[in-house]
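Everything below concerns the one structure shown next.
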Amino acid sequence: MDGRVGAIRTALDKNGFTQIPIMSYSAKFASGYYSPFRNAAQSTPCFGDRKTYQMDCANAREAMREIADDIDEGADMIIVKPALAYLDIMKSARQSFNLPIAAYNVSGEYSMVKAAARLGWIDEKRIVLENLTCIKRAGADMIITYHALDAAKWLDEEEI
């Protein structure tokens, strides 16, 4: 996947789309946290896995190199995916790079909270807002989450 940001930036610029930003998946890890979405979308690989183009969970240094490479190629923002298990990557990226960082709070992270709440093991609202706050505290400028509608409702209720 190396060079893809540069190729996209070149093609956009060549066709007059110089103001279109690129969000790079520089820090996308091969993760079991994607399973609920992949199962629902029936997008689980029939063979092999995605480790050829998604990073190993132990590889923090590679993530930082990939982010730097994508920025050099013209990325305008980067994404860390999944969010919660990679808060350290987000924090390092925030300290090292001065561009917007998006965090993707993925389906597995969402599903664990929903399942535990359904069983009465946790206070869903408290856990969701704590998770989102911690993602923000780690350095995210944007959070993509399946919890968005609930979080917006809960935050709106608190302001009343």
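The values are calculated or read from the model by the stated rules, or taken from the named source; none is laboratory data. What you are looking at is a predicted structure, and each value in this text was computed from that prediction instead of being measured. When we count neighbours, we look across all protein chains shown, and the Cβ atoms used for this are built from the backbone with ideal geometry, even at glycine.
When you check Ile160 against the structure, is it modelled with pLDDT of 95 or more and either of a type in the set (A, V, I, L, M, F, W, C) or loosely packed, with under 14 Cβ neighbours inside 10 Å (or both), yes or no? Against the criterion (modelled with pLDDT of 95 or more and either of a type in the set (A, V, I, L, M, F, W, C) or loosely packed, with under 14 Cβ neighbours inside 10 Å (or both)), Ile160 does not qualify.
This table checks each residue for (1) out of contact with any strand residue (DSSP E or B) (no Cβ under 6 Å at 6 or more places or on another chain); (2) under 21 Å from Ala30 (Cβ atoms); (3) charged (D, E, K, R); (4) outside any loop (DSSP other than H, G, I, E, B).
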site: Ala103; (1), (2), (3), (4): no, yes, no, yes
site: Gly108; (1), (2), (3), (4): yes, yes, no, yes
site: Lys114; (1), (2), (3), (4): yes, no, yes, yes
site: Ile122; (1), (2), (3), (4): yes, no, no, no
site: Leu129; (1), (2), (3), (4): yes, no, no, yes
site: Lys136; (1), (2), (3), (4): yes, no, yes, yes
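Scan the range 18-37 and give yes if some residue there is of a type in the set (Val, Ile, Thr), modelled with pLDDT of 85 or more and farther than 24 Å from Thr145 by Cα, otherwise no. Among the residues of the range 18-37, at least one is of a type in the set (Val, Ile, Thr), modelled with pLDDT of 85 or more and farther than 24 Å from Thr145 by Cα, which makes the answer yes. Residues considered: Asp70, Asp141, Asp150. Of these, the only one that is of a type in the set (Asp, Glu), touching a residue at least 40 places away in the same chain (Cβ under 8 Å) and surrounded by fewer than 19 Cβ atoms within 10 Å (Cβ to Cβ) is Asp141.
Taken over the range 115-146, the criterion of being charged (D, E, K, R) and more than 19 Å from the chain's Cα centre (by Cα) is satisfied by Arg118, Asp123, Glu124, Lys125, Arg126. Please work out if Ala83 is closer than 29 Å to Leu12 by Cβ, modelled with pLDDT of 85 or more and surrounded by 17 or more Cβ atoms within 10 Å (Cβ to Cβ). So Ala83 fits the description; yes. Looking across the range 10-32, the residues that are in a helix (DSSP H, G or I) and charged (D, E, K, R) come down to Asp13, Lys14.
Here Met112 clears all of (1) closer than 15 Å to Tyr33 by Cβ; (2) at pLDDT below 95; (3) touching a Leu at 6+ places or on another chain (Cβ under 9 Å) except the condition numbered (3).
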